[in-house]
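The values are calculated or read from the model by the stated rules, or taken from the named source; none is laboratory data. Because the structure is predicted, anything quoted here is derived from the model rather than measured. FYI the Cβ positions are ideal-geometry reconstructions off the backbone, even for glycines, and counts take in every protein chain you see. For the accessible areas, the whole protein counts, side chains as well, though only heavy atoms, and no ligand, DNA or RNA atoms are used. Shrake-Rupley method; radii C 1.70, N 1.55, O 1.52, S 1.80 Å.
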Amino acid sequence: MCLSMEKIASFTVDHLRLKRGIFVSRKDRFGETILTTFDIRMKEPNREPVLDIPAAHTIEHLGATYLRSHPQWGNRVVYFGPMGCRTGFYVILEGSLSSIDVLALITEMFAWIASYIDEIPGATAAECGNWRDHNLDMAKWEALRFLDVLKKPLPENLEYPS
């Protein structure tokens, strides 16, 4: 069977002009529920090295733990995970939201990751399918570097290039 395939919306974003930041990737409706997918772009695509896999894995564990444990947002978190291109993460939250709506939450999360000093949550053989592949020091460095963008975002850090 041959299907006519539409181009995925994220493939229409000009990655040659995309900056680091928080962007609304899409909004989906499921009955009365709206889910907003955010593009948490930590690296400028095709212009700087991608995230190291162990660092990204650690950010995933820490970020998911932080978001799902958040007293105000935790029950609205659907997903937090890495992009295949390794330039950032996707966050899916319940509600019709904007980048500004979640800026404080994402900033707090990366500040928490940057200062994290305990054992990585879920990083044991019983809890994780690749439990040895973590790098907390590099995850903290990447989080700290991304905080530079989050603390004083410009429009180019909050809206996809047109």
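When the surface is traced with a 1.4 Å probe over the full set of protein chains, Arg76 keeps roughly 70 Å² accessible.
Every Cα-Cα pair in segment 1-70 was counted, and those over 20 Å apart are 51% of them. Between the helical axis of 53-69 and the longest alpha-carbon principal axis of the chain there is an angle of about 80 degrees. In percent, rounded to a whole number, the relative contact order of the chain is 29, using alpha-carbon pairs under 8 Å and six or more apart.
Between Leu97, Tyr160, Ala64, the Cα set farthest toward the positive side of the dipole of the chain (charges on each charged residue's Cβ, about the Cα centre) is that of Tyr160. Within the full protein context, the accessible area of Glu156 is estimated at about 90 Å² for a probe radius of 1.4 Å. Per the Debye calculation on segment 75-162 with a single equal scatterer at every Cα and no solvent contribution, log₁₀ I(q)/I(0) for q = 0.13, 0.17, 0.21 Å⁻¹ amounts to -0.53, -0.90, -1.29. This model, with +1 at the C-beta of Lys and Arg and -1 at the C-beta of Asp and Glu, gives the chain a dipole about its Cα centre of some 360 debye. The apolar share of the surface of segment 63-162, taken as the fraction of accessible area on carbon and sulfur atoms (1.4 Å probe, ligands and nucleic acids excluded), comes to 53 percent.
Taking every Cα-Cα distance in segment 22-119 and sorting them into 10 Å bins from zero, the calculated P(r) comes out as 15, 49, 30, 6, 0 percent. Among Trp112, Trp73, Trp141, the order of accessible area from largest down is Trp141, Trp112, Trp73, computed with a 1.4 Å probe on protein heavy atoms. Springs between Cα atoms under 10 Å define the GNM used for the chain, and in it the highest mean-square fluctuation of Ile92, Ile113, Ile34 occurs at Ile34.
To the nearest 10 degrees, how steeply does helix 99-114 sit against the main Cα axis of the chain, on a 0 to 90 scale? Between the helix axis and the principal axis of the chain, the angle is about 20 degrees.
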